[in-house]
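The block underneath contains the structure these notes are about, expressed in structure tokens.
The values are calculated or read from the model by the stated rules, or taken from the named source; none is laboratory data. Because the structure is predicted, anything quoted here is derived from the model rather than measured. Don't worry about glycine lacking a Cβ; one is built from the backbone with ideal geometry, like all the others, and counts go over all protein chains shown.
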Amino acid sequence: MFTLHNGDCREYMKTLQPDSVDLVLADQPYPELKGGTKFMNGGVASRINESNSVGDIWNASLEWMDDAWRISKFGMMVFCTHHSVDTVKQKFRDNAIALITWVKRNTPNPVNNVPKYTTEFIWVFSKTSGLVWRNLSTHYDIPMLQAGCMATERILNKDGTTFHPTQKPELLIRQLLKCNPKSVIDPFMGTGTTGAACIQMDIDFIGCENDPKYFPAAEKRIKSAALQPGLFTPSNNRVHWTGGESPANLSLFPAEVIPPAKVTRKSPRQ
């Protein structure tokens, strides 16, 4: 069951009822990143292994967390880097129960005179009992997705460069979902990694993505996952058409709880 929304998550979440989704799992645009550093990895396809470090190109802020907390029933997980690990916690300091470390053993060597950044972090906030937090670890050693000729899961442009700069491994998301929510919202859906993982694990999903470049890729990926056998079901009949401006408006949430997705393409990504 899923609902996809192409628009600003801050506007969309205001339409949702309090405590309407078990878990908010957000890979937000990271605040306070400088970005712009160019990397050239060697190997058999160095031409298409060129990449840039990710800066705060969306002028990211944490104001979305207030509405996300309002609609979450049991808790929230928020990705961050060392740049904002302190400020993210401050939003709901008394509800922070863990800081998960994701170790990326295949991180490129730094170009500037800084340490090699091999970690990202996920703050875990518990709102009330209902999720099985003991199923999680605070340390996951999972390689970041490869680009170029080594790409398998990673979505690429036609020239072999990365389509989305911060696509997460599905394996990592599946580990986080072991807390057993029945429904999840990802306010920053990107290429739909969390949505695909939720569908395969029979977890209801709501995804928001403001960027019209990434939304069709997420839509295609999640629809494909919905048509595949799930991890816990022999066959999948999870697609329910609800109408609207785009075939992406696929929802199996009750209409009185989650409004049908409406595709809007006017706002720039926040």
Worksheet item: Would you pick out the residues in region 200-219 that are under 15 Å from the mean Cα position of the chain (by Cα), assigned to a loop (DSSP other than H, G, I, E, B) and under 14 Å from F163 (Cβ atoms)?
Response: E209, D211, Y214
Discussion item. Filter region 143-176 down to the residues that are under 25 Å from V21 (Cβ atoms) and part of a loop (DSSP other than H, G, I, E, B) and list them by number.
Written reply: H164, T166, Q167, K168, P169
Worksheet item: Pick from region 131-151 the residues that are modelled with pLDDT under 75 and either within 16 Å of L99 (Cβ to Cβ) or under 20 Å from the mean Cα position of the chain (by Cα) (or both): which of them is surrounded by the fewest Cβ atoms within 10 Å (Cβ to Cβ)?
Response: Q146
Worksheet item: Could you list, in sequence order, the residues of region 206-218 that are more than 21 Å from S126 (Cβ to Cβ) and either surrounded by 24 or more Cβ atoms within 10 Å (Cβ to Cβ) or free of Cβ contacts under 8 Å to residues at least 60 places away in the same chain (or both)?
Response: G207, C208, E209, N210, D211, K213, Y214, F215, P216, A218
Item to complete: Considering each of V132, V114, V78, V88 in turn, give the residue that is aliphatic (A, V, I, L, M) and over 30 Å from L16 (Cα atoms).
Response: V114
Worksheet item: Pick from region 80-129 the residues that are within 18 Å of the chain's Cα centre (by Cα) and in contact (Cβ under 8 Å) with a residue 60 or more places away in the chain: which of them is nearest to D67 (Cα to Cα)?
Response: I100
Worksheet item: Does at least one position in region 24-42 carry a residue that is closer than 12 Å to I185 by Cα, under 18 Å from the mean Cα position of the chain (by Cα) and modelled with pLDDT under 95?
Response: yes
Discussion item. I need a count of the residues in region 175-199 that are farther than 11 Å from I222 by Cα, aliphatic (A, V, I, L, M) and within 11 Å of the chain's Cα centre (by Cα).
Written reply: 2
Worksheet item: Would a scan of region 65-77 turn up a residue that is modelled with pLDDT under 95 and either surrounded by fewer than 17 Cβ atoms within 10 Å (Cβ to Cβ) or over 27 Å from M201 (Cβ atoms) (or both)?
Response: no
Fill in: Positions within region 90-103 being modelled with pLDDT under 95 and either buried (at least 17 other Cβ atoms within 10 Å of the Cβ) or aromatic (F, W, Y) (or both), in sequence order
K91
Discussion item. Go through region 177-199 and report how many residues are of a type outside the set (A, V, I, L, M, F, W, C), in a strand (DSSP E or B) and closer than 18 Å to N6 by Cβ.
Written reply: 1
Fill in: Number of positions in region 90-115 that are among the aliphatic types (A, V, I, L, M) and part of a loop (DSSP other than H, G, I, E, B)
2
